[in-house]
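Trainee: Below: one structure in structure tokens.
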Amino acid sequence: MTLPQLKILPLGGLGEIGMNAMLVSYGRDAILIDCGVLFPDTEMLGIDIVIPDFSHFATLDIDLHGYMITHGHEDHIGALPYALSVRTAPIYASRFTCALIKQKLTEWNLKFSLQEVAPRETLDLGPFQIEFLRVTHSIPDGLALAIRTPLGTLIHTGDFKIDHVPLDGEKTDLARFSEYGEQGVLALFSDSTNSELEGTAVSETAIGTSLEAAMRDVGGRIFVAAFASHIHRIQQLCDLARKLDRYVFLNGRSMVQNIRLARELGILKAPDDLFIELAEAKELPVHKLMVLTTGSQAEPGSAIARLALADHPPLPINVGDVVIFSSRSIPGNERAISKAINGLMRQGAHVLYARASQLHTSGHAHKEEQRLMINLVKPNFFVPIHGELRHLSHHAKTARECGINEENIFVIEDGQTIIFEQTQNGIAASRGDKLEARKVFVDGKGVGDVGDIVMRDRQQLANAGIVICVLTLDLATGEIASGPDLICRGIIELEHQVPLLEEAKTTIEKALLEHTPQARKDPDLSKETIRLTLRRFFRKTLQRKPVVIPMVITV
Ligand SMILES: [Zn+2]
């Protein structure tokens, strides 16, 4: 009897850092690992978030046994509402991850079934036997997955690092990874985010020492921008506040929410009287206050961006205050962060950021940790996950150095399936079909209604502005009954507009008069003439290409 195929379909996260989602199916039985969003880059104008394309996933003839969520970062849980609305299945995750998911899905008014799992717990889901393995990451309660299937065991690391002295003592379960390695692992899917970085990631515990050194002699307020989900970092900051005799004010909705959740679950240990409200914070002597704030990426409108612009922040910067960025800059945000740093310095703050001093460490394994994972798990096949192509390729090179055969390494991007099947010589792996893996834009209530064409329009509008020409045409005579009237936006400041638009109007009138009296009665011809004339006009006068919209009304 031949066994069904075991199939891997990455819907996201292979080819970009974000929107992680991978479908594992054996015959008709399937599970989805992670379900995250991607944050838009600066070219994706007006887009709130980007999610994987779930249209194929929605129509697949499969029996989905569950969503297996490795940890609570947005790029692993953020797309759950969208996936659940096309396919329901129970969600399995650790305690803290469950709390974050519950908070998110409750806001969406969706029906869901959430099941808490613990490290080393095993679940039987159809043909899959899944064990959850503890991993250390930049959020508490991270899990990797060991998935036993009839064709062999798959190990999916989730996001991980190997920190031998993690703050909460929850170490990556190397012993268990190694046991799987001894038993034999068909394939390892491992986090590639930091595959270009040598050595090992600095332990979270070491960051506390640098933070303390940076804070010890500060006479003013201390503002710290950190990721609200990085509870270990927040724990260190709370401990330091206590030690340095400062009270903590929480700035930003997600900071308040996540800290509340983490304290309720006992993951964050901080006494009630450490935290103060805004009114008290305002009254407090400056050397008594630490502000934990969101906005470490200085996104427009974020707490840090407002502080930097002195745009009515709850607590403004005073000369002598210190602002610490205890976070990394996500690629694409460097300019915004740099601008914020300049703005804060201009107001007299002393600004410290990760690149200049050891105030942050990554939650992702560097090369040496990736090597250790490969050597412990000793997989037959290796698939680098979580990264752009360059990160995946670097990780593949590391795997080759560790002795994995070139032909057993699959560097693939979203949509490319891998098939594992039984052959006379054991289990073989090969590339299966390649599905189109679009990135779906979410803008307000619209999911996928902004595509390439709309995005190109937005880029053109953003780059060159728009001019609308309204003209009323008398169909009987071919005369202009009123207009042309011109409205423009995003082209030129108001004080320069009047003479320019007057000149444009004259040019349009002249161009229309060049047609024969009979041709002048044709509204479509007039429209086209206006379009071409205005395009030529703006090219000649300003060397610009605004979007031109002619409107011809007939009477
Ligand atoms: Zn993560």
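The values are calculated or read from the model by the stated rules, or taken from the named source; none is laboratory data. This structure is a prediction, so every number in the text was calculated from the model and none was measured. In this analysis, Cβ positions are derived from the backbone assuming ideal geometry, glycine residues included, and neighbour counts consider all displayed protein chains. For accessibility, only protein heavy atoms count, side chains too; no ligands or nucleic acids. Shrake-Rupley method; radii C 1.70, N 1.55, O 1.52, S 1.80 Å.
Trainee: Scan segment 462-476 for residues that are more than 18 Å from ALA511 (Cβ to Cβ) and open to solvent by 20 Å² or more (accessible area, probe 1.4 Å) and jot them down.
Mentor: ALA462, ASN463, ILE466, LEU475, ALA476
Trainee: Those residues that are open to solvent by 10 Å² or more (accessible area, probe 1.4 Å) and away from the ligand (no atom under 16 Å from the Cβ), I need them from segment 155-166; list them, please.
Mentor: Across segment 155-166, the qualifying residues are HIS164, VAL165.
Trainee: Given the conditions (1) open to solvent by less than 70 Å² (accessible area, probe 1.4 Å); (2) modelled with pLDDT of 95 or more; (3) within 17 Å of VAL202 (Cα to Cα), report the number of the one that ILE412 does not fulfil.
Mentor: The single condition ILE412 does not satisfy is (3).
Trainee: Also: How about segment 138-154: which of its residues are at negative phi and either more than 16 Å from the ligand (Cβ to nearest atom) or out of contact with any Ser or Thr (no Cβ under 9 Å at 6 or more places or on another chain) (or both)?
Mentor: Correct list: ALA146, ILE147, ARG148, THR149, PRO150, LEU151, THR153, LEU154.
Trainee: May I pose another question? In segment 191-202, how many residues are at pLDDT below 95 and under 17 Å from LEU154 (Cβ atoms)?
Mentor: 0
Trainee: Follow-up question, since we're still on this one. From (1) touching a His at 6+ places or on another chain (Cβ under 9 Å); (2) of a type outside the set (A, V, I, L, M); (3) over 30 Å from MET345 (Cα atoms); (4) buried (at least 20 other Cβ atoms within 10 Å of the Cβ), pick out the condition that doesn't hold for TYR180.
Mentor: (1)
Trainee: Six or more apart or on different chains, Cβ under 8 Å: which pairs go from a residue in segment 402-431 that's assigned by TED's automatic domain parsing to the domain that holds GLU16 to one that's among the polar types (S, T, N, Q) and open to solvent by less than 30 Å² (accessible area, probe 1.4 Å)? Could you list them?
Mentor: Taking only residues 6 or more apart or on different chains, the pairs are ARG431/GLN416; ARG431/THR417.
Trainee: Quick one: in segment 167-190, which of the residues that are touching a helix residue (DSSP H, G or I) at 6+ places or on another chain (Cβ under 8 Å) and at pLDDT 95 or above is nearest to the ligand (Cβ to nearest atom)?
Mentor: The residue in question is SER190.
Trainee: Can you name every one of the strands (runs of 3 or more DSSP E) wholly within segment 142-228 that holds 1 or more residues which are assigned by TED's automatic domain parsing to the domain that holds GLY126?
Mentor: In segment 142-228, 142-149, 152-156, 185-191 are the strands (runs of 3 or more DSSP E) which contain 1 or more residues that are assigned by TED's automatic domain parsing to the domain that holds GLY126.
Trainee: Exactly one of (1) more than 16 Å from the ligand (Cβ to nearest atom); (2) touching a residue at least 12 places away in the same chain (Cβ under 8 Å) is unmet by ARG134. Its number?
Mentor: (1)
Trainee: Can you confirm whether ILE101 is in a strand (DSSP E or B), at pLDDT 95 or above and open to solvent by less than 30 Å² (accessible area, probe 1.4 Å)?
Mentor: When the stated conditions are applied, ILE101 does not pass them.
Trainee: Let me ask something else. In this structure, does GLU514 turn out to be among the acidic types (Asp, Glu) and at pLDDT below 90?
Mentor: Answer is yes for this residue.
Trainee: Can we say GLU334 is of a type outside the set (A, V, I, L, M) and within 30 Å of LEU174 (Cα to Cα)?
Mentor: no
Trainee: So, one more: For segment 247-255, state whether one or more residues are open to solvent by 60 Å² or more (accessible area, probe 1.4 Å) and either modelled with pLDDT under 95 or not assigned by TED's automatic domain parsing to the domain that holds ASP141 (or both).
Mentor: Yes, some residue in segment 247-255 is open to solvent by 60 Å² or more (accessible area, probe 1.4 Å) and either modelled with pLDDT under 95 or not assigned by TED's automatic domain parsing to the domain that holds ASP141 (or both).
Trainee: Could you please tell me which pairs satisfy a Cβ distance under 6 Å, a separation of 6+ or placement on different chains, a first residue in segment 165-176 that is in contact (Cβ under 8 Å) with a residue 24 or more places away in the chain, and a second residue that is of a type in the set (A, V, I, L, M, F, W, C)?
Mentor: Once the first residue is in contact (Cβ under 8 Å) with a residue 24 or more places away in the chain and sits in segment 165-176, its partners that are of a type in the set (A, V, I, L, M, F, W, C) give THR172/VAL135; THR172/PHE160; THR172/ILE162; ASP173/LEU133; ARG176/LEU133.
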